[in-house]
Amino acid sequence: MSYCAKCGAKLVEDAKFCSSCGTKVEKITTEEYSVDSDNLIERVKELLHEGNVTRIIVKNEKGEILLEIPATVGVIGIVIVPWLAALGAIAAIATKCKIVVEKRE
């Protein structure tokens with residue numbers, strides 16, 4: 001499932017424009033990383049600083065979604081603090097996590 005980079009609305013598959021705001025849809029690629037809970041927060045910070053990330057999804061070992069971070073949060077530094085606190089709680093519970101990263105091309 002992909003989301004509009006401007007308004008965050010869910011997009012229909014193969015859509016060329018967002019049905020909510022009319023923004024042209026950019027092609028999104030997905031990458032997946034496996035990390036230990038010790039490296040989770042640092043890896044997410046690195047990914048947010050890359051700039052072309054549209055969404056970060058943290059999953060547990062079973063593939064269940066624990067946290068979704070929209071890219072607009074990464075742009076505004078002070079708003080990211082609650083997300084990092086949530087990541088800290090996840091890191092305390094989970095031993096291994098998967099990070100799914102959606103990037104604009």
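Every number here is computed from the coordinates shown, using simple stated rules; none is lab data. As the structure is a computational prediction, the values presented were derived from the model and not from experiment. Positions of Cβ are backbone-derived with ideal geometry, glycine not excepted, and every protein chain shown enters the neighbour counts.
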Study note, to complete from the structure: So for R0 = 25 Å, FRET eff. of LYS16-GLU68 from the Cβ-Cβ r, to 0.05, ends up at 0.55
Exercise for review: Express in nm, to one decimal, how much length is gained between ASN52 and ALA89 on full extension, taking 0.36 nm for each residue of separation and deducting their alpha carbon distance.
Suggested key: 10.7 nm
Exercise for review: Treating cross-link reach as a plain straight distance, find the lysines whose alpha-carbon is under 24 Å from the alpha-carbon of LYS27, omitting any fewer than eight places away in the same chain.
Suggested key: LYS6, LYS10, LYS16, LYS45, LYS59, LYS98, LYS103
